[in-house]
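The values are calculated or read from the model by the stated rules, or taken from the named source; none is laboratory data. Quick caveat, the model's predicted, so the values are computed rather than measured. We place every Cβ from the backbone using ideal geometry, glycine too, and count neighbours over all the protein chains shown. Only protein heavy atoms, including side chains, enter the accessible area calculation; ligands, DNA and RNA are left aside. Shrake-Rupley method; radii C 1.70, N 1.55, O 1.52, S 1.80 Å.
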Amino acid sequence: MGIAKSVPTVKSMLIKTFGVLLAFVMGLPLAAAFAAADSYPSKPVHFIIASSPGASTDNVGRLIATKLSERLGKQMVAESRGGAAGSIAAEQVMRAKPDGYTLLFTSSQIVQNPSLYKVEYDAVKSFAPVAKMGTSPTCLVVHPSLPVYSVKEFIALAKQKPGQLLCATGGAGSNMHLVTALFMTMAGIEMKLIHFKGGGPALLDTVGGHTQVQFSGFTTSLGQINAGKLRALGYGGSTRSKLAPDLPTISEAGVPGYEAAIWWAIFAPVGTPKEIVDSLSKEITAIMTAEGTKKTFEQWGADPDLLVGADMVKFIEAEKAKWEKVVKDGNIKAE
């Protein structure tokens, strides 16, 4: 009888032991993920900047890389990787091992390029968004010889001379081209677009009076505005710039809802452990809320604008849809 009673007891013990082992094994991936996050980073991180050296995206990217290195205690090995409007860098990171040791620092081009170029990545599906850090709004500027002093006056003149005003851009399919196309659609005007190989040559041509108008990065054109070589009519941000508080936004000055800016963000390859992404987002939040970083951004004419997590995902999806529509409506083709 004693033996008969012991059989179910042994069986139950075996089942209980198996259950404990199963729970332990099933919990290993989660435990490993947390352990990886706790020790991250344990070696230098490859920080790929989707920009040529010296451009605004490169400058901001290197600032963030330096501050991340200081906070994490491991080097962010910054590499400027231009070409194909940032698509080469994006595709390199997309194919990297999703372990947090290869990160992409890029601009709003990441959501614009898929509508303009044949690229392998999708801005939403191919990456794990870490954080959006700030924006650099555009500015509507004209040569002083053009007899307009406000956005409304400019629109009125453009409607009087459809297709006659010469507008410089940084190239077909460039960000300057897209923000110009958005303005023309929303304002109901048409201009003759003159495409240059980059924003620098475009700005010089407008300063020289060969072209009459352009949408330029505010920080890029600020020196020429202050020198009286360009006249600023409107700011492309959602609120006025602290560097030029008397300059109205384009939205309030005549084109309600218009907003166009270059923005910067960090992405990791899709599949990067959430714990590592969250850890990076937390560090970026600390960096962007520090007074020193905010002051540097403002000195550059940029607006600190932090987004992480679900808010960043929603923003990326909205930006992708916005620029897809601009490209389609304007029948825009890249060079």
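Side notes on the structure shown:
- Per-region count, segment 207-231, residues in a strand (DSSP E or B) and of a type in the set (A, V, I, L, M): 1
- Of all residues in segment 257-276, those that are among the acidic types (Asp, Glu) have Cβ atoms under 9 Å from Cβ atoms of residues that are at pLDDT 95 or above and assigned to a strand (DSSP E or B), 6 or more apart or on another chain, in 259/249.
- Test result for residue 152, more than 28 Å from the chain's Cα centre (by Cα), charged (D, E, K, R) and more than 25 Å from residue 321 (Cα to Cα): yes
- You will find that of 247, 204, 243, 280, the residue that is outside any loop (DSSP other than H, G, I, E, B) and over 30 Å from residue 93 (Cα atoms) is 204 and no other.
- Residue match in segment 208-223 (condition: more than 30 Å from residue 129 (Cα to Cα), open to solvent by 40 Å² or more (accessible area, probe 1.4 Å) and either modelled with pLDDT under 95 or under 23 Å from the mean Cα position of the chain (by Cα) (or both)): yes
- Filter pass, residue 97 being at pLDDT 95 or above, part of a helix (DSSP H, G or I) and among the basic types (Lys, Arg): no
- Within segment 57-71, being open to solvent by less than 60 Å² (accessible area, probe 1.4 Å) and either at pLDDT below 95 or not hydroxyl-bearing (Ser, Thr, Tyr) (or both) holds for 57, 58, 60, 61, 63, 64, 65, 67, 68.
- Filtered by the rule that a residue be among the β-branched types (Val, Ile, Thr), open to solvent by 10 Å² or more (accessible area, probe 1.4 Å) and assigned to a helix (DSSP H, G or I), segment 263-277 gives a lone residue, 277.
- Here is the figure for segment 70-94: residues that are under 19 Å from residue 279 (Cβ atoms), touching a strand residue (DSSP E or B) at 6+ places or on another chain (Cβ under 9 Å) and not in a loop (DSSP other than H, G, I, E, B) total 4.
- Filter result for residue 119 (open to solvent by less than 50 Å² (accessible area, probe 1.4 Å) and closer than 30 Å to residue 276 by Cα): yes
- Residues (in contact with a helix residue (DSSP H, G or I) (Cβ under 9 Å, 6 or more places away or on another chain), of a type in the set (D, E, K, R) and either open to solvent by 50 Å² or more (accessible area, probe 1.4 Å) or in a strand (DSSP E or B) (or both)) located in segment 122-139: 132
- Whichever residue in segment 140-189 is over 14 Å from residue 254 (Cα atoms) and assigned to a strand (DSSP E or B) and, among such residues, is most open to solvent (accessible area, probe 1.4 Å): 166
- Hits in segment 233-250 (condition: farther than 22 Å from residue 144 by Cβ and buried (at least 20 other Cβ atoms within 10 Å of the Cβ)): 237
- Subset of segment 310-321 (residues that are touching a residue at least 60 places away in the same chain (Cβ under 8 Å) and open to solvent by 40 Å² or more (accessible area, probe 1.4 Å)): 313, 315, 317, 320
- In segment 297-309, the residues that are open to solvent by 30 Å² or more (accessible area, probe 1.4 Å) and either under 20 Å from residue 260 (Cβ atoms) or in contact (Cβ under 8 Å) with a residue 24 or more places away in the chain (or both): 298, 300, 303, 304, 305, 306, 307, 308, 309
- Residue list for segment 303-335, filter: among the β-branched types (Val, Ile, Thr) and within 21 Å of residue 118 (Cβ to Cβ): 316, 326, 327, 332
- Candidate set from segment 150-201 (those that are without any contact (Cβ under 8 Å) to a residue 60 or more places away in the chain and in contact with an Asp or Glu (Cβ under 7 Å, 6 or more places away or on another chain)); member that is nearest to residue 117 (Cα to Cα): 196
- Tally of residues being surrounded by fewer than 16 Cβ atoms within 10 Å (Cβ to Cβ) and either at pLDDT 85 or above or of a type in the set (A, V, I, L, M, F, W, C) (or both) across segment 28-45: 11
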